[in-house]
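Visitor: Mind looking over this structure? Questions follow.
The values are calculated or read from the model by the stated rules, or taken from the named source; none is laboratory data. Given the structure is predicted, the values throughout are model-derived calculations rather than measurements. Every residue, glycine among them, receives a Cβ derived from its backbone with ideal geometry; neighbour counts consider all protein chains shown. When the accessible area is computed, the model is the full protein with side chains, heavy atoms only, and any ligands, DNA or RNA have been set aside. Shrake-Rupley method; radii C 1.70, N 1.55, O 1.52, S 1.80 Å.
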Amino acid sequence: MEKFDVAIIGGGSAGLAALKQLSNLGKQAILIEGGKKIGTKNVSGGLLYSKNTTIGKVYNVEDVYDNFLTDAPVERQITKYMLHATSKDKMFSLDLTPTHNYQTNFGYSVLLNKLLPWFAKEALNSAEKTGGGIVTGIHVRSIMWKDENTIIIETDELEPFQVKAVIAADGVNSEVAQITGARRKFTQSDLYQGVKVVVKLPEEIIEERFEITNNEGAAHLFAGDVTLNHIGGGFLYTNKDTLSVGAVYHYDSLIEKPTEPYELVNALLSNPFVIELIKDEVPETKENYKNLSKEEELRTRFKANKLIKDWKELHHTYYSPSGVKELLANGKYKTKEEIKNKVDSIHDELVSKYDIEFESNYVELEYSAKLVPDGKRCRMKKPYFKNILFIGDAAGRGIFVGPRIEGLNVGIDDAVRAAEAVSNAIDKNSFHSNILGERYRRLVEESPYTKDMDEIDKNYLKVFLDCTKQVPNDIVDYRYRAIFKLMSNSTFRGISVGLVNKLGYRRLLPILESNKTYTEVPIKIAERKGKDVQKSYSIRIPAIAERIAKLNYNDDSLSHIKVLDSQSDFMKKMVTLCPTKCYSMENGRVILQHEGCIECGTCLKETEWRHPRGEKGIAYQYG
Amino acid sequence: MLNPSGTLNVAVIVKLEPDFSEGNVSYNSDGTLNRAETKNVLGPHSAVASSAALYAKVKYGANVSVATMGPPIAEAALQQSQLICNADELHLYSDRIFAGADTLATSEVLRAGIKKMANEQGIDIVFSGHRASDGETGQTGPQTAWKLGYPFIGNVIDYDIDKERGYVRLQRLIKNYGHNDIIEELESPLPVFITLDPSYSPFFNTVSQRLNLALNQNDAEKRSSRYKEYLKTFSAQSLELNLKSVGLPGSPTIVYKVEKIPRAKANRKADIIDGYSQENLSQVARRIYGILGETIIK
Ligand SMILES: Cc1cc2nc3c(=O)[nH]c(=O)nc-3n(C[C@H](O)[C@H](O)[C@H](O)COP(=O)(O)OP(=O)(O)OC[C@H]3O[C@@H](n4cnc5c(N)ncnc54)[C@H](O)[C@@H]3O)c2cc1C
Ligand code: SF4
């Protein structure tokens with residue numbers, strides 16, 4: 001049997017950082033990833049933060065990848081961070097940029113399908129020097145112990161092999177955790193469901209519309225009627241030439257009043273302010289070819305489609321400085337005006353000859369969904385099992401505080417700590433929990449991120465409250481009106497924060513994370529103090545079937561999910577809550593069609609849930 | 001027996017062919033292939049042969065040489081093959097007098113070229129595709145094998161090597177007693193000449209092989225972008241060939257004329273259906289069902 005020092009299971013942001021860091025420490029590690037290519041199984045919002053915390057050191061992305069700031073394919077550095085309270089065509093906005101800047105070196109918007117392959121390339125370069133590397137398209141199926149120091153890993157594809165330690169970075173739906181029984185399955189109160197669409201929008205239009213420059217980015221958060229009465233909110237982040245628009249809702253609240261996940265994202269897309277932000281010019285075929293013969297009609301349609309494709313490409317490129325530069329460099333066009341003229345002439349030809357109308361709408365590229373663990377409620381207090389260490393989402397380590405959703409940075413910080421513990425164990429050639437597991441647990445406990453999951457950071461709260469000064473006091477719920485009042489008075493602030501911390505998350509959460517906070521109060525604020533927002537067109541949102549049809553799947557004939565009780569209440573709710581409608585009802589029983597599954601994990605609790613075999617299942621293009 | 005160097009030496013014979021994939025072929029008005037307009041690529045069977053060499057490289061650390069006979073543009077086939085199998089050496093056999101060669105004369109050039117490979121230490125396995133897609137007869141392989149004095153084994157779908165004993169163990173597809181696709185297992189001492197079944201695809205089933213595969217793919221990208229550094233071009237003279245046995249003089253067969261076989265008149269009527277309409281599509285489905293009935297819903 002082949003032997004290696006360490007296996008990392010899962011090639012998301014956490015697993016790749018572990019590989020890079022262990023290799024930096026001169027240790028041999030192999031990373032096993034189920035997706036055919038790195039970055040095809042991962043979803044994020046995604047703002048990737050680098051923090052500068054005062055209560056202790058966090059390990060940031062640039063500590064792991066030293067050329068991150070110069071070379072990594074990130075989207076935009078967020079310089080504007082807004083929270084909007086919405087109610088129909090009213091909106092009240094708060095500038096939360098100071099909270100975004102709080103103890104922050106930088107926050108970049110990222111698309112994981114672009115960024116993770118870069119991480120992988122960097123990690124691989126280091127890993128190869130120690131005889132390690134990355135193996136993709138392989139699904140880990142089982143884990144056994146030969147003796148205290150030897151783990152045998154079985155996969156669906158390869159011969160079994162043995163390692164001395166494992167780092168489990170297999171995400172929120174961790175099979176390693178299930179197989180080993182290292183932790184219970186996450187329950188609905190531990191989780192949020194995130195749904196996202198990537199919207200295409202030309203680079204310069206983004207900059208003009210969001211009032212940002214070439215390298216800057218904006219983040220907009222939403223609460224109020226867009227939540228459809230659920231606990232959570234919406235986000236819209238600018239990427240280079242796309243937007244990430246998504247909704248993240250507490251699973252408890254979804255189970256209580258099931259709402260289709262896509263309806264939640266649609267509610268956000270239909271908000272008049274958002275409508276204006278995502279607006280683009282979109283060609284629509286009228287399909288009015290009645291007077292043509294069949295063959296003539298096919299030919300016309302073919303030509304029209306080709307022209308539409310050309311127009312879309314050139315229209316997009318025209319608004320991208322790098323795209324224009326490239327076109328001018330390869331000599332196809334002499335000036336930018338020439339490109340514009342070409343765009344216009346195709347436009348006119350489409351209108352006059354092919355009966356195409358140009359409408360205002362938006363262009364959706366990809367629909368995705370995934371569960372997010374709320375570290376306050378579910379972080380593993382003992383993030384290891386024998387000689388397996390859990391990092392990132394697999395360990396339930398996500399930060400959910402007010403508008404903050406952070407998992408990427410946390411997973412990277414965990415990875416560095418796990419790598420250090422494993423490296424030490426290899427040096428001592430002992431993988432006993434005293435040496436490995438406990439050491440890792442201590443290192444993780446020291447992380448400022450762990451503190452963020454355990455208690456409210458009063459300084460953050462201060463910054464947040466300073467930003468909310470314009471909110472009228474009498475709107476706020478009576479239960480924390482007193483606190484709010486005290487907070488706005490600087491002399492009392494210190495005392496009241498102490499009070500808040502005394503109460504602790506456990507008692508505060510029902511107040512903080514309630515419908516009142518996410519829906520009722522924002523609606524009231526918007527109605528009382530909001531400004532009017534006009535929309536200039538009516539949006540057409542693709543149906544869920546169209547969204548699914550656009551996704552890339554490599555079908556597995558075998559289902560990776562087995563329904564345990566097709567008549568349970570929970571499974572019946574899946575008919576509504578599965579983001580890609582994999583469940584339906586027939587004769588009072590729930591039936592599953594696994595082919596459309598995007599591996600979000602929403603149905604995991606009452607199913608026998610596995611990731612698909614290597615290379616199979618969903619393959620995201622943006623993530 | 002393995003060649004004396006101790007490293008497994010494998011060769012791949014490839015061919016540049018018109019790209020028959022959709023949208024890339026161009027025809028003359030009489031329906032014959034327009035060779036000038038059609039793009040040329042590494043033939044699909046050559047690609048399969050290259051992937052068999054990749055298997056040898058990843059699993060056994062083989063030294064890989066790739067060869068083709070043809071005009072200078074045939075270099076493209078070598079480059080594309082190198083991208084698949086991370087070849088260490090590329091051979092182009094190019095000489096005006098090779099023109100008009102039939103399969104026998106081609107085999108003679110390949111024989112002489114293979115002898116020159118791997119510092120003339122001797123090639124243990126020669127891989128070639130099933131046959132070329134632009135009308136080859138499948139004779140070049142067996143003839144080259146015969147000239148080299150290597151056993152010829154066709155339709156191979158899997159192989160493994162016992163380096164110590166100098167043997168190769170293979171699986172191949174055969175037809176027997178009216179059954180297609182019978183898998184025959186056999187063993188042969190090295191050296192051998194192998195043609196691959198089109199269904200062949202290498203499978204790497206250990207972690208080390210996968211790691212090695214990734215390294216090789218990485219390397220192959222780098223190498224093939226600078227493929228000229230690996231390229232050696234040979235003429236009839238540098239291959240020390242007898243001019244009577246190559247090109248037209250060495251070709252006992254001559255292609256006198258290629259006839260276009262007239263297409264049988266189709267005895268069917270086509271309806272053009274607008275596939276954009278749901279209603280029309282269900283009509284099509286109904287008609288298919290009408291013709292095939294239950295047999296399609298097994
Ligand atoms: C809508 C949404 C918005 C978010 N916004 C933000 C944000 O703005 N900022 C932020 O920091 N975080 C955000 N997060 C959270 C963040 O995306 C995650 O915390 C992070 O991506 C988790 O990384 P990971 O490496 O732990 O797990 P994953 O990225 O889930 O990686 C796990 C990997 O393991 C592989 N795998 C699983 N099982 C196996 C197996 N058995 N064998 C082989 N491979 C396996 C999977 O294929 C996958 O690639 C958001 C999440 C969502 C869903
Ligand atoms: S079947 Fe389950 S895991 Fe798959 S998409 Fe639906 S809810 Fe998510």
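Visitor: I'd like to check one number: the per residue accessible area of the stretch A:551-619, probe 1.4 Å, reported in Å² as a whole number.
Guide: Result: 47 Å² of accessible area for each residue.
Visitor: Shape verdict for the stretch B:157-264, please, from the Cα gyration tensor: rounded (a/c under 1.5), prolate (a/b greater than b/c) or oblate. The partial results should precede the final answer.
Guide: Values: a/c = 1.72, a/b = 1.19, b/c = 1.45.
Since a/c reaches 1.5 but b/c is at least a/b, the shape of the stretch B:157-264 is classed as oblate.
Visitor: Still on this structure: May I ask for the distance between the Cα centers of the stretch A:528-592 and the stretch A:342-357, given as a whole number of Å?
Guide: 37
Visitor: Normalising by the residue count of the stretch A:58-111, find the relative contact order in percent from Cα pairs under 8 Å and 6+ residues apart.
Guide: Rounded, it is 38 percent for the stretch A:58-111.
Visitor: Roughly how large is the A-B contact in terms of buried accessible area, totalled over both chains, probe 1.4 Å, nearest 100 Å²?
Guide: On the way: alone 26170 and 17410 Å², together 42110 Å².
The contact between B and A buries close to 1500 Å².
Visitor: Protein chains only, probe 1.4 Å: how do A:His432, A:His100 rank by accessible area, largest first?
Guide: Greatest to least solvent exposure: A:His432, A:His100.
Visitor: Rounded to the nearest 0.05, what FRET efficiency is calculated for A:Asp355 and A:Glu326 with R0 set to 22 Å and r the Cβ-Cβ distance? Each step should come with its number before you reach the end.
Guide: Details: r = 32 Å, r/R0 = 1.48.
About 0.10, to the nearest 0.05.
Visitor: How much of the DSSP bridge set in the stretch B:119-216 is antiparallel, in percent, rounded to the nearest 5?
Guide: 70
Visitor: Can you compute the modelled spin-label distance between B:Ser277 and A:Ile55, with each label point 7 Å from Cα toward Cβ, in nm?
Guide: 6.8
Visitor: May I ask what percent, to the nearest 5, of DSSP beta bridges between residues of chain A are antiparallel?
Guide: If I count the DSSP bridges inside chain A, around 75 percent turn out antiparallel.
Visitor: How high is the FRET efficiency from B:Leu186 to B:Leu215, r the C-beta distance, R0 35 Å, rounded to 0.05? Write out the running numbers ahead of the final one.
Guide: Numbers: r = 32 Å, r/R0 = 0.90.
E(calc), rounded to 0.05, equals 0.65.
Visitor: Could you give the nm distance between label points at B:Glu37 and A:Lys458, where each point is 7 Å from its Cα heading toward the beta carbon?
Guide: My value for the distance between the label points is 8.1 nm.
Visitor: Moving on to the next point. Starting from 0.36 nm per residue, how many nanometres of slack lie between A:Arg540 and A:Glu313 once their C-alpha separation is accounted for?
Guide: Details: separation 227, 0.36 × 227 = 81.72 nm, distance 2.13 nm.
Full extension from A:Arg540 to A:Glu313 adds 79.6 nm.
Visitor: I've got another one for you. Calculated FRET efficiency, A:Lys469 and A:Ser433, Cβ-Cβ r, R0 41 Å, to nearest 0.05? Can you show the working numbers first?
Guide: On the way: r = 50 Å, r/R0 = 1.22.
Calculated value: 0.25.
Visitor: In deg cm²/dmol, rounded to 500, what helix-only [θ] at 222 nm does the protein assembly as shown give when every DSSP H run of at least 4 residues adds -39500 (n - 2.57) and the total is split over its residues?
Guide: Mean residue ellipticity, 222 nm, calculated: -10500 deg cm²/dmol.
Visitor: Ok, one more. How would A:Glu406, A:Glu455, A:Glu295 rank on accessible area, largest to smallest, probe 1.4 Å?
Guide: A:Glu295, A:Glu455, A:Glu406
Visitor: Other chains' Cβ within 10 Å of A:136-143 residues: what's the mean?
Guide: Mean shielding by partner chains, rounded to a whole number: 1.
Visitor: Follow-up. Applying a 10 Å radius around every beta-carbon, put A:506-513, A:372-379 in order of their mean neighbour count, most first.
Guide: A:372-379, A:506-513
Visitor: Round to a whole number: what % of the accessible area of the stretch B:9-250 belongs to carbon and sulfur, probe 1.4 Å?
Guide: 49
Visitor: Report the local net charge at A:Ala421: Lys and Arg +1, Asp and Glu -1, summed over other residues whose C-beta lies under 10 Å from its C-beta.
Guide: Every neighbour counted, the sum reads +2.
Visitor: Report, to two decimal places, the Cα Rg of the protein assembly as shown normalised by 2.2 N^0.38 Å (N = number of residues).
Guide: On the way: Rg = 32.2 Å, N = 921, 2.2 N^0.38 = 29.4 Å.
In units of the 2.2 N^0.38 Å rule of thumb, it is 1.09.
Visitor: Then there's this: Note down the magnitude of the dipole of the stretch A:2-122 about its Cα centre, charges +1 on Lys and Arg C-beta and -1 on Asp and Glu C-beta and zero elsewhere, to the nearest 20 debye.
Guide: Dipole magnitude for the stretch A:2-122 comes out near 320 debye.
Visitor: Just to be sure I understand the model, the point goes 7 Å from the Cα along the line to the Cβ. What's the resulting A:Glu295 to B:Gln139 distance in nm?
Guide: Once both label points are built, they end up 4.2 nm from each other.
Visitor: Highest mean first, what order results for B:36-45, A:205-214, B:4-13, A:407-416 on Cβ atoms within 10 Å? If you can, show how the numbers build up before the last one.
Guide: On the way: B:36-45: 17.8, A:205-214: 15.2, B:4-13: 20.8, A:407-416: 27.4.
Result, highest mean Cβ count within 10 Å first: A:407-416, B:4-13, B:36-45, A:205-214.
Visitor: Anything losing 10 Å² or more of accessible area from the isolated chain to the full protein assembly: pick those residues out of the stretch B:204-239, probe 1.4 Å, ligands and DNA/RNA ignored.
Guide: B:Asn205, B:Thr206, B:Val207, B:Ser208, B:Arg210, B:Leu211, B:Ala214, B:Leu215, B:Asn218
Visitor: Using a 7 Å offset from Cα along Cα-Cβ at A:Glu128, what residues in the stretch B:222-242 end up with backbone N under 11 Å from the label point?
Guide: Once the point is set 7 Å along Cα→Cβ of A:Glu128, B:222-223 turn out to lie under 11 Å by backbone N, inside the stretch B:222-242.
Visitor: Run the dipole for the protein assembly as shown about the Cα centre, Lys and Arg Cβ at +1, Asp and Glu Cβ at -1, nothing else charged, and hand back the magnitude in debye, nearest 20.
Guide: The dipole of the protein assembly as shown has a size of about 1320 debye.
Visitor: While we're here: Of all DSSP beta bridges in the stretch B:9-250, what percent run antiparallel (nearest 5)?
Guide: Antiparallel: roughly 45 percent of the beta bridges in the stretch B:9-250.
Visitor: While we're looking at this one, here's another question. Which whole-number percent is the relative contact order of the stretch B:9-250 (Cα, under 8 Å, 6+ apart)?
Guide: Reported relative contact order: 26 percent.
Visitor: Counting alpha carbon pairs within less than 8 Å and at least 6 residues apart, what relative contact order, in whole percent, applies to chain A?
Guide: Computed over chain A, the figure is 22 percent.
Visitor: Then there's this: Peptide A:296-304: average number of partner chain Cβ atoms within 10 Å per residue? Display every interim value, and only then the final one.
Guide: On the way: counts 0, 3, 4, 0, 0, 2, 0, 0, 0.
Mean shielding count: 1.
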